[in-house]
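Notes for the one structure printed next.
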Amino acid sequence: MEAGKAGFPGFSSNMFFDALLQITMEGFFADPIYGGNRDKASWKMVGYPGLPRHLQGGDQDLFRKKYDKPPRSIADFS
């Protein structure tokens, strides 16, 4: 489908693949409160700290260094 070789009436298989890939990534990397990314698995995989993460004075030394605390989601702050 990615190469556009599968046949769909009315639209290309490449369009279908692109849409499927997009919504899959949105679900996989979204905040768990929306139903995807169970246990923040994808955030842990890529090292995303979650929300909110704002650099404050003195935190600039953390730039490009591993953030080893568990990610936090919207639900963790409510």
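Values computed for the structure shown
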item	result
Among residues of the stretch 23-52, those that are open to solvent by less than 90 Å² (accessible area, probe 1.4 Å), more than 10 Å from the chain's Cα centre (by Cα) and farther than 13 Å from D76 by Cα, counted	2
The stretch 1-22 residues that are within 24 Å of G36 (Cα to Cα), paired with ones that are open to solvent by 50 Å² or more (accessible area, probe 1.4 Å) and in a loop (DSSP other than H, G, I, E, B) (beta carbon under 9 Å, 6 or more apart)	F16/M1; F17/M1; F17/E2; F17/A3; D18/E2; L20/M1; L21/E2
Some residue of the stretch 19-30 being at pLDDT 90 or above, in a loop (DSSP other than H, G, I, E, B) and of a type in the set (A, V, I, L, M, F, W, C)	yes
Top-ranked residue of the stretch 1-18 - restricted to ones that are part of a helix (DSSP H, G or I) and open to solvent by less than 70 Å² (accessible area, probe 1.4 Å), ranked as nearest to W43 (Cα to Cα)	F17
Qualifying residues in the stretch 59-78 (those that are more than 24 Å from G36 (Cα to Cα) and open to solvent by less than 90 Å² (accessible area, probe 1.4 Å)) - the one modelled with the lowest pLDDT	D59
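The values are calculated or read from the model by the stated rules, or taken from the named source; none is laboratory data. From a predicted model like this one, the values you see are computed outputs, not experimental measurements. Cβ atoms come from the backbone with ideal geometry, glycine included; neighbour counts cover every protein chain shown. Each accessible area value is taken on the protein alone, full model and side chains, heavy atoms only, with ligands, DNA and RNA left out. Shrake-Rupley method; radii C 1.70, N 1.55, O 1.52, S 1.80 Å.
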